[in-house]
Amino acid sequence: MTQHARLQPPPIPFIDLAAQRRALGTRIDAAVARVMEHCQFILGPEVRALEGQLSAFCGARRAVTCASGTDALALVLMAKGVGPGDAVICPAFTFCAPAEMAALVGATPVFADVDEATFNLSPASAADAVAHARSLGLTPKAIIAVDLYGLPADHDAIAALAAAEGLFVLDDAAQAFGATYRGRRIGAVADATATSFFPAKPLGCYGDGGAVFTNDDELAETLISLRMHGHGEDRYDHVRIGVNGRLDTVQAAVLIEKLAAFPDEIAGRERVAQRYSEGLGDVARIPRVPAGLTSVWAQYTIRLSPGAREGFAAALWAEGVPTAVHYPKPLHRQTAYRRYPRAPGGLAAAERLAEEVISLPMHAYLDEPTQARIIEAVRRAVAA
Ligand SMILES: *Cc1c(COP(=O)(O)O)cnc(C)c1O
């Protein structure tokens with residue numbers, strides 16, 4: 001999650017991890033110190049404890065932690081046997097990891113467009129991508145839905161498409177753990193859900209980390225084997241090709257403390273988002289949350305007219321307000337991904353959004369006076 005590189009550090013942080021440390025640091029440091037005492041740095045007791053708490057939090061039967069959100073995606077694709085000759089439908093407007101992991105396991109990512117109103121995978125374009133993949137002689141195996149900026153994708157429509165086409169749905173909820181979809185928490189919605197505990201995500205640790213959620217016990221057991229070199233019942237009989245992809249005990253200890261504060265932080269993020277929407281709704285194209293869904297606001301992202309973004313970011317920067325662009329280039333325009341197939345209807349929404357989106361500072365500890373300063377700066381910059 002890169003910020004605009006400018007000369008001076010901003011007076012207002014984009015994500016204030018230091019403020020969170022002031023609130024939770026003592027508890028977290030004590031939890032880390034306990035790990036230093038027991039020295040079970042790999043798969044120590046905190047890892048299992050965290051997995052139980054994560055699955056209880058989101059209502060999935062199983063949580064399997066791993067080394068990153070990227071590994072979480074790869075492990076599911078590996079467990080499902082996705083490989084050469086298979087197609088994985090991915091949105092064109094998101095972080096690269098879903099398409100990257102599809103390609104890494106040997107499959108072909110096929111890009112589908114997103115819905116302009118939600119920034120998330122368009123089910124109609126995904127259906128076109130499935131048909132196109134078949135016409136190319138590929139076997140569609142999976143749809144990776146991404147819950148971008150913390151907002152759940154159109155999961156009912158995606159599940160219906162997957163059921164009709166015999167595909168499984170992997171939800172990339174790296175930005176959306178804690179969000180809800182029609183009364184269910186993300187993690188308990190798709191066949192498998194991957195999330196990330198990268199520090200800047202809504203629930204972040206002090207390094208890299210991730211998890212997979214599923215109701216499928218067999219899948220969970222395969223993931224547990226894959227994250228540790230494909231071990232079998234006998235630890236030295238490796239039964240499949242896996243990776244070294246475990247979550248460190250220290251990170252689990254950090255996450256246990258952060259998860260305890262997470263419901264309050266989600267409420268804090270919601271308040272910050274409401275204040276932005278009230279303060280900016282009349283001057284900017286603000287994000288809308290469809291009825292029945294909640295967002296965890298990994299980003300608060302507005303849209304500007306084409307060509308306006310650079311001047312807008314510079315004007316805010318001059319007032320000490322940092323911004324970030326996720327993502328300035330859709331995947332199908334990036335060097336490593338240009339060669340992969342695209343839904344025949346085109347990827348126009350992904351291309352427009354990549355030119356128009358910009359995100360404002362967002363975290364649970366953003367206080368009202370600081371946010372008022374940001375809102376005033378945005379209003380001035382929009383009017384300029
Ligand atoms: C951050 C992110 C990932 C990757 O997570 P890591 O933990 O950094 O590997 C994957 N997908 C999306 C949408 C992300 O935002």
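The values are calculated or read from the model by the stated rules, or taken from the named source; none is laboratory data. Values in this document were obtained by computation on a predicted structure and should not be read as measured data. Cβ atoms come from the backbone with ideal geometry, glycine included; neighbour counts cover every protein chain shown. Keep in mind that these areas ignore ligands, DNA and RNA; they rest on the heavy atoms of the full protein, side chains included. Shrake-Rupley method; radii C 1.70, N 1.55, O 1.52, S 1.80 Å.
Worth pointing out:
- Within the range 270-310, restricting attention to residues that are more than 16 Å from the ligand (Cβ to nearest atom) and polar (S, T, N, Q), the residue that is surrounded by the most Cβ atoms within 10 Å (Cβ to Cβ) is Thr294.
- Phe177 passes every criterion in (1) open to solvent by less than 20 Å² (accessible area, probe 1.4 Å); (2) of a type outside the set (A, V, I, L, M); (3) over 22 Å from Ala92 (Cα atoms); (4) touching a Ser or Thr at 6+ places or on another chain (Cβ under 6 Å) apart from (3).
- Residue list for the range 204-235, restricted to those being in a loop (DSSP other than H, G, I, E, B) and within 11 Å of the ligand (Cβ to nearest atom): Gly204, Cys205, Gly207, Asp208, Gly209
- Here the range 66-86 is the region considered, the condition is being more than 10 Å from the ligand (Cβ to nearest atom), touching a helix residue (DSSP H, G or I) at 6+ places or on another chain (Cβ under 9 Å) and in contact (Cβ under 8 Å) with a residue 40 or more places away in the chain, and the residue that is farthest from Ser225 (Cα to Cα) is Asp86.
- Those residues of the range 313-348 which are within 19 Å of the chain's Cα centre (by Cα), within 16 Å of the ligand (Cβ to nearest atom) and in a loop (DSSP other than H, G, I, E, B), in sequence order: Val325, His326, Tyr327, Pro328, Lys329, Pro330
- Yes/no for Val289 being under 29 Å from Glu376 (Cα atoms) and part of a helix (DSSP H, G or I): no
- When residues in the range 236-264 are screened for being assigned to a loop (DSSP other than H, G, I, E, B) and either open to solvent by less than 10 Å² (accessible area, probe 1.4 Å) or modelled with pLDDT of 95 or more (or both), 8 of them pass.
- The one condition from (1) open to solvent by 10 Å² or more (accessible area, probe 1.4 Å); (2) over 22 Å from the mean Cα position of the chain (by Cα) that Asn215 does not meet is (2).
- Number of residues in the range 153-178 that are away from the ligand (no atom under 13 Å from the Cβ) and not charged (D, E, K, R) equals 14.
- Extreme residue, farthest from the ligand (Cβ to nearest atom), among residues of the range 180-203 that are assigned to a strand (DSSP E or B) and open to solvent by 20 Å² or more (accessible area, probe 1.4 Å): Arg184
- Among residues of the range 294-320 that are closer than 30 Å to Asp264 by Cβ, those with a Cβ under 6 angstrom from a residue that is among the aromatic types (Phe, Trp, Tyr) and open to solvent by less than 40 Å² (accessible area, probe 1.4 Å), sequence gap 6+ or separate chain, pair up as Ala298/Tyr149; Gln299/Tyr149; Tyr300/Tyr276; Thr301/Tyr149.
- If you check Thr118, Thr139 for being open to solvent by 10 Å² or more (accessible area, probe 1.4 Å) and more than 16 Å from the ligand (Cβ to nearest atom), only one passes: Thr139.
- Cβ pairs under 6 Å, 6+ apart, first in the range 87-105 and open to solvent by 10 Å² or more (accessible area, probe 1.4 Å), second more than 9 Å from the ligand (Cβ to nearest atom) and not in a helix (DSSP H, G or I): Ala103/Pro109; Val105/Val82; Val105/Gly83
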